[in-house]
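Here the structure comes first, spelled out in C-alpha cells, and everything after it is commentary.
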Amino acid sequence: MDIALARGDFLALLGPSGCGKSTLLRMIAGLIPPTAGEIAFPADPEARRSIGFVFQEPTLMPWATALRNAALPLELAGTPRREAEARAAEMLARMGLKGFEHAYPRALSGGMKMRVSIARALVTRPRLLLMDEPFAALDEITRFRLNQDLLALWQDERFTVVFVTHSVFESVFLAERILVMAPRPGRVARELRVPPEDRAAEAEFRTSARYAAHCREVSHALAAAMEAA
Amino acid sequence: MTGAARWLRWLAPGVLGLLALTAWEVAVRVNEVPPFILPGPVLVAQTLVADWNSLSVSLLITLQITFAALAVAASLGLLLAILFTQSRVIEMSLFPYAVVLQVTPIVAIAPLIIIWVDDVRAALLICAWIVAFFPILSNTTVGLNSTDPNLRDLFRLYGASRWQVLWRLQLPSAMPYFLAGLRISGGLALIGAIVAEFVAGTGGAASGLAYRILESGYQLQIPRMFAALVLVSGTGIVIFMALSLLSHLLLRRWHDSAGAGEGR
C-alpha cells in the first residue's frame with residue numbers, strides 16, 4: 001500500500017478486524033518497525049516527534065489526576081511542572097473538562113476519561129494525531145458528542161488526523177478521506193472522499209441525505225473489499 | 001457500607017471473643033484446672049499487669065528486631081525488584097536463590113546463623129529478615145512488570161528515559177503490590193523474630209518475648225507464658241492493622257482495593 005498524507009488531512013482507516021489498521025497506526029507512531037517498506041516524514045526533524053496518540057482505551061495513569069495525566073507528555077519532555085500543568089488545564093478546558101482537573105480517573109465516566117486521553121494527546125500541539133478506535137467502547141450518545149467535539153477541534157486547529165475505525169458512520173461523519181481496507185493480506189481496497197462542502201452545507205450533517213448517500217457508498221465499498229478477500 | 005454494617009464488623013468478632021473468654025474462665029473455675037495446666041484469662045491478665053516490667057522490656061526487644069527486619073526486607077526487596085526489572089540477566093541469576101531462601105524452613109537454618117553471627121540480636125534480625133524478605137521481593141517484581149502495555153507504549157512514544165519509566169510508571173503501578181507484600185511480611189517478620197529466638201534458646205543474650213515464653217515454660221510459670229503469648233499475638237494484630245491503614249491511606253484516592261476499607 002502507498003498512502004500519502006497532506007498537512008491538515010483527516011484520514012479514516014476503515015476495515016474489519018485483522019486488516020492491519022492498528023498495526024499501520026503503530027508503525028506510523030514508531031512503536032513497531034515496518035517489516036518492509038518505509039514511513040517517510042517531512043525533512044523537518046520535529047515532524048517525526050510531533051505525534052499524539054489516542055488508544056482504544058483511555059490508558060490513563062490511575063494514580064494521577066486528570067491534570068497530571070494530561071500534563072504527562074510535557075513533563076516527560078522536561079517542561080517545568082507549573083507550565084506543563086497550565087497548558088494541560090487549558091487543553092482539558094477545551095475538551096470540556098473544566099472543573100475536573102483534580103479528579104482521579106476512577107471518578108470519571110468513560111467519555112470523560114476519553115476526553116482526558118485526547119487532551120493528553122493534544123497537549124503538545126502535535127502536527128499529527130493518531131487515533132486507534134478511540135470511541136469504540138463508548139455508548140452511542142457519548143460517541144456522537146465526542147465525534148462532534150473532535151471535529152470542531154480539528155476544524156479550528158487543522159492538525160493532521162489518522163483515525164482507525166470499524167464504523168462506516170463514524171468514518172463518514174469525521175473524515176474527508178476514507179481508506180477502505182481489506183484483510184489477508186492487509187491492503188487498501190479503495191479510497192473515498194467526503195468533500196468538505198457536503199459537511200459545511202448542512203447544519204445537521206448526520207441526518208442529511210448526503211450523509212446517507214456517503215454511508216451507502218462506503219458500505220458498498222467495504223462489502224466489495226470483504227468479498228474480494 | 002452502612003453504619004450498622006460497620007459496627008457489626010467490630011461488634012461481631014468482639015462479642016464472639018468475649019463469649020469465648022467467658023467460657024474459658026468458667027470452664028477453668030468449674031473444673032478447678034490448676035494454673036500450671038491452663039490458667040484462666042483473668043489470671044493471665046493479672047500476670048500481664050504484675051509482670052509488666054520484665055514483659056515490656058522483652059516486648060520492646062522483639063519489636064525492635066521485627067521492625068528492623070521489616071525495614072531491611074522492605075528496602076532490600078524493593079531495590080532488588082527494581083534491579084530485576086532493569087536486567088533480565090540479574091533476575092534470572094538471582095531469583096532462584098531468593099526462592100531457595102524462601103522455601104528453606106527458618107528453623108532449619110536459624111541454628112547455623114546463630115553460630116555464625118556472634119551478636120545474637122543481629123542473628124535474630126537476619127532470621128526475621130529471611131522470612132520477611134520474599135513476599136516483598138516477589139510481589140514488587142510482579143507489580144513492576146504488570147504495567148499497562150499501552151501506557152508503556154505511550155511513554156515510549158514520548159521518548160521517556162528508563163528513569164522516567166521507572167519513576168513515573170513502574171513504581172506507582174507496583175505500589176499496591178508492594179503494600180500487599182508489606183502486609184504479609186509484617187506478620188512474617190514477627191514470626192521470624194520469635195522462631196529464631198526459640199532456636200537461640202535461653203542462652204540468648206537478647207531476651208525477647210520468645211525467651212520469656214521459654215523461660216516461663218521451664219519454670220512452670222504458665223500464666224506468664226500465656227501473658228507473653230498474648231503480647232506476641234497482640235503485636236501481630238497491631239502490625240497488620242497499622243500496615244493495612246498505611247496501605248489504605250496511600251491508595252484510597254486511586255486504587256480499587258482501598259475502597260472497601262481495611263482489614264482485607
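What follows is calculated from the coordinates using simple rules that are stated; it is not laboratory data. These numbers were taken from a predicted model, which means no experiment stands behind them. Note that we place each Cβ from the backbone using ideal geometry, even for glycine, and neighbour counts take in every protein chain shown.
Summary value for chain B: 24 percent relative contact order, contacts being C-alpha pairs under 8 angstrom separated by 6+ residues.
Given only helices, namely DSSP H runs of n ≥ 4 each adding -39500 (n - 2.57), what is the per-residue ellipticity at 222 nm of chain B, to the nearest 500 deg cm²/dmol?
Numbers: 10 runs with 205 residues, N = 264.
Estimated from H runs of four or more residues: -27000 deg cm²/dmol.
Shape call for chain B from the C-alpha gyration tensor, a ≥ b ≥ c root eigenvalues: rounded (a/c under 1.5), prolate (a/b greater than b/c) or oblate? It comes out oblate by the Cα gyration axes. Relative to the longest principal axis of the Cα atoms of chain A, the long axis of helix A:81-94 lies at roughly 50 degrees.
Tell me, what does the Kirkwood hydrodynamic radius of the protein assembly as shown come to in angstroms if you use every pair of distinct C-alpha atoms?
Numbers: mean 1/r = 0.0362 Å⁻¹.
One decimal place: 27.6 Å for the Kirkwood radius.
With the alpha-carbon atoms of segment B:76-208 aligned to their principal axes, the span from lowest to highest coordinate is 62, 27, 21 Å, starting with the largest.
Once label points are set 7 Å from the Cα along Cα→Cβ at both B:Arg29 and B:Leu245, what is their separation, rounded to one decimal in nm? Placing both labels 7 Å beyond Cα along the Cβ direction yields 3.5 nm. As a calculated quantity, the FRET efficiency between B:Ala122 and B:Ala4 at R0 = 60 Å, using C-beta atoms, amounts to about 0.75. When B:Leu18, A:Leu24 are arranged by Cβ crowding within 10 Å, least crowded first, meaning fewest neighbours, the order is B:Leu18, A:Leu24. For the pair segment A:19-87 and segment B:93-143, the centres of their Cα atoms are 44 angstrom apart.
Scalar couplings 3J(HN,Hα) for segment B:246-255, obtained by applying the Karplus form with A = 6.51, B = -1.76, C = 1.60 to θ = phi - 60°, are 4, 4, 4, 5, 6, 10, 4, 6, 10, 9 Hz; x denotes Gly and Pro. From least to most packed, judged by other beta carbons within 10 angstrom and beginning with the fewest, B:Val100, B:Val117, B:Val131 follow the order B:Val100, B:Val117, B:Val131.
Neighbour counting of Cβ atoms within 10 Å sorts the residues A:Phe100, B:Phe95, A:Phe135, fewest neighbours leading, into B:Phe95, A:Phe100, A:Phe135.
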